[in-house]
Every structure is written in C-alpha cells, then in structure tokens.
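First up is the structure itself, then whatever we jot down about it.
Since every read-out is calculated from the coordinates, none of them should be taken as a lab result. Computed from a predicted structure; not experimentally measured. Every residue, glycine as well, gets a Cβ built from its backbone with ideal geometry; the counts of neighbours run over all protein chains shown.
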Amino acid sequence: MKGPWKSSLILVAAAAVALACQSQETATEQGSDTTPAVDADVVREAITANDEAFDQAYNAGDAATLVALYAPDAVVLPPNEPRIEGSAAIQELFAAMFEEAPGATLDLTTEDVQVAAAGDYAYGVGSFSVSGTAPDGSEWSDQGKYVAIWKNVDGEWKMVLDTWSSDNPAAGIAAEESAE
C-alpha cells in the first residue's frame with residue numbers, strides 16, 4: 001500500500017484505538033456509579049454460617065447436605081488424592097470419608113473471609129481439627145488449615161474450590177524421623 005491511503009489508514013487505526021480506550025474508561029466509570037455497594041460484613045456472615053453448616057453436616061455424616069454447600073461444578077483438592085470435580089464426585093468423596101471413619105468429629109474455625117470488590121467472589125481461610133476412632137479401635141486426630149473460594153450463585157454463597165492440608169507430618173516422614 002502506497003501513498004495517502006497508508007497515512008489515512010494509520011490515522012483511522014490510531015483513532016479507533018483512542019476511541020476504544022475512551023469507551024472502556026467511560027464504561028468503567030459508569031459501571032462504578034451504577035454498581036451496588038457490596039456489604040462485605042453480610043458476605044462474611046453468610047460464609048461463616050456456611051462453614052458452621054459444613055461442620056454440622058460433617059459431624060452428622062450427611063454427605064448430601066455437604067454437597068449442597070458446593071456449586072454444581074465445584075472442584076475439591078483433597079490432600080494425597082486426585083482432584084475431585086462436580087457434585088456427584090464430591091458426594092462420593094464425603095460418603096467414602098464417612099464410611100472409612102464413621103463418627104469422626106470436625107471442628108472448623110473460620111479465621112478470615114475476604115470479599116472481592118465486585119461482590120461475586122470471596123475466599124475463606126481457616127483451621128480445622130478432626131478426630132475419631134479407626135477401625136482397629138485406636139484413636140486418631142488431625143489438625144490443619146483450609147482455603148475455600150466462594151461464589152455468589154443466584155444469591156447463595158457456594159464453594160467453587162475447596163482444599164485443605166494437615167499440619168502433621170506425612171505418615172512416612174514421621175516414621176523416618178523417629179527412626180533416626
């Protein structure tokens with residue numbers, strides 16, 4: 001392309017970029033004026049209440065109620081296990097946990113909930129302790145921490161990502177350390 005068309009094309013392209021940037025800034029400014037304020041305290045209370053419901057459902061061995069706290073496409077990243085995706089797989093995970101350790105008790109402590117400025121996502125950080133009786137009759141316990149990402153789904157806060165880990169050394173590591 002030669003001549004005045006090349007210069008004109010460059011000017012048109014530059015003008016289009018400038019207009020696009022201006023439109024984006026205007027949309028952002030307008031969006032901030034029309035976006036309702038999110039009451040972060042209300043969100044924190046809702047998520048803390050969901051954590052308490054999780055605690056109660058776990059202690060009751062109620063996998064169906066636990067799964068209701070998750071979004072249908074949620075992902076769970078349990079320690080020492082593959083990634084779990086979706087309601088059916090999450091329910092199977094908890095049903096298996098309850099079968100392996102019937103009567104286990106869980107105590108969750110919500111330590112921090114941070115809410116995204118847009119109000120559609122939040123994350124919670126906390127700690128847990130869990131204990132029970134193994135099939136051989138021995139007592140066991142564990143403690144650790146968790147992170148859960150929550151999403152506002154049709155006005156309800158649902159977990160979309162959940163993961164936790166123990167504060168205790170892995171079983172093989174503990175045995176190796178005591179042998180030294």
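Computed values, structure above
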read-out	value
Hits in the stretch 124-151 (condition: buried (at least 17 other Cβ atoms within 10 Å of the Cβ) and among the hydroxyl-bearing types (Ser, Thr, Tyr))	TYR146
Subset of the stretch 94-127 (residues that are hydrophobic (A, V, I, L, M, F, W, C), within 20 Å of TYR58 (Cβ to Cβ) and in a strand (DSSP E or B))	LEU106, LEU108, VAL113, VAL125
Within the stretch 128-139, considering residues that are in a strand (DSSP E or B) and free of Cβ contacts under 8 Å to residues at least 24 places away in the same chain, the one nearest to GLY61 (Cα to Cα)	SER129
